[in-house]
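Q: Below is the structure I would like to discuss, written out as structure tokens.
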Amino acid sequence: MRKKLLIHLAMVLVIPGLLLTVSCAKKTIRSETSLSQQAEDEAAAEKASQEELARQQAIEEQRLQEEAERMAAARNMFLNEDIFFEFDSAVLLAEAQSILRKKAEWLINNAEAAATIEGHCDERGTNEYNLALGDQRAESAKTFLMDLGVEGSRLSGISYGEERPVDPGHNEEAWAKNRRGHFTIN
């Protein structure tokens, strides 16, 4: 009987004590320093993310600016680079063909653009003859551009003959500058 009493006593005291110690595990409490460290880490990550975003935006803005400058340079080339002709001729020289290839590329890349080709002559010859020659020069350039794939509906030609000289001189140097095809964008 003593044995039974000891077993019951052990069960009454030991088992609840074990259950009490096992069920009451300690909770870890974060210290204020670890919470502030976590907040600092999150703030630093957010700052780094914002800096990366700002860097990417700056790169994109620079790329867009460079693209705009390239497009403006190509447009200026189209408008400011004339083709030149020999005296009393509407035949395209090799240099003129090279320039027209660049202009065709620009027109193909800028499908919304339409152009006018102005035919110009030097002051030698009659007004009627120079108007006809200027028209032939504009038509020669237009045909070449169409052969390179530019739609004819986007191109028009006009002759100014000798009426709009780029150089008002009366010598071969001035006349050579005036025998030209000039391009405008409509």
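Read the figures in this text as sums done on the coordinates, not as results from a lab. Note that the coordinates shown come from a computational prediction; the quantities given were computed from them, not determined experimentally. Positions of Cβ are backbone-derived with ideal geometry, glycine not excepted, and every protein chain shown enters the neighbour counts.
Q: Between 0 and 90 degrees, rounded to the nearest ten: what's the tilt of helix 32-80 against the longest Cα principal axis of the chain?
A: Helix 32-80 and the main axis of the chain meet at about 10 degrees.
Q: For ALA48 and ALA113, FRET efficiency with R0 = 45 Å and r from the beta-carbon atoms, rounded to 0.05? Could the numbers behind the result be given before it?
A: Working: r = 45 Å, r/R0 = 0.99.
Using R0 = 45 Å, I get an efficiency of 0.50.
Q: What is the sum of charges around ASP122, taking Lys and Arg as +1, Asp and Glu as -1, for the other residues whose C-beta is under 14 Å from the C-beta of ASP122?
A: Here the count lands on -3.
Q: Can you count the Lys pairs in the chain with C-alpha separation below 28 Å, eight or more apart or on different chains?
A: Values: LYS102/LYS142; LYS102/LYS177; LYS103/LYS142; LYS103/LYS177; LYS142/LYS177.
Going through the chain pair by pair, I get 5.
Q: Among ASN110, GLN136, ILE99, whose Cα lies farthest out toward the positive end of the dipole of segment 81-185, if unit charges sit on the beta carbon of Lys, Arg (+1) and Asp, Glu (-1)?
A: The residue sitting most towards the positive pole is ASN110.
Q: Rounded to the nearest 5, what is the percent of antiparallel bridges among the DSSP beta bridges in segment 58-186?
A: Restricted to segment 58-186, the bridges split so that about 55 percent are antiparallel.
Q: Taking the chain as the reference, fit the longest principal axis to its C-alpha atoms, fit the long axis of helix 94-109 to the helix C-alpha atoms, and give the angle between the two in degrees, 0 to 90, nearest 10.
A: Helix 94-109 sits at roughly 40 degrees to that axis.
Q: To continue, here is another question. If you take every residue apart from GLU81 with its C-beta less than 9 Å away from the C-beta of GLU81, what net charge results, scoring Lys and Arg +1 and Asp and Glu -1?
A: Result for the local shell: +1.
Q: Please state the charge dipole magnitude for segment 81-185, taken about the Cα centre, from unit charges on C-beta atoms (+1 on K and R, -1 on D and E), reported in debye and rounded to the nearest 20. Numbers along the way, then the final one.
A: Details: 11 positive and 20 negative charges, 65 e Å.
Computed about the Cα centre, the dipole is about 320 debye.
Q: Right, something else. Which order, highest average first, do 175-186, 50-61 follow once you tally other Cβ atoms within 10 Å for each residue and take the mean per peptide?
A: Details: 175-186: 18.4, 50-61: 10.0.
For the peptides 175-186, 50-61, the packing ranking is 175-186, 50-61.
Q: Still on this structure, please answer the following. Grab the other residues whose beta carbon is less than 13 angstrom from that of LEU148, score K and R as +1, D and E as -1, and report the net.
A: Neighbourhood net charge equals +2.
Q: Label points 7 Å out from Cα along the Cβ direction at VAL166 and LEU13: separation in nm?
A: Result for the modelled spin labels: 11.7 nm.
Q: So for the chain, averaging the separation of alpha carbon pairs under 8 Å that are six or more residues apart and normalising by length, what relative contact order in percent results? If you can, show how the numbers build up before the last one.
A: Numbers: 209 pairs, mean separation 44.2, N = 186.
Answer for the chain is 24 percent.
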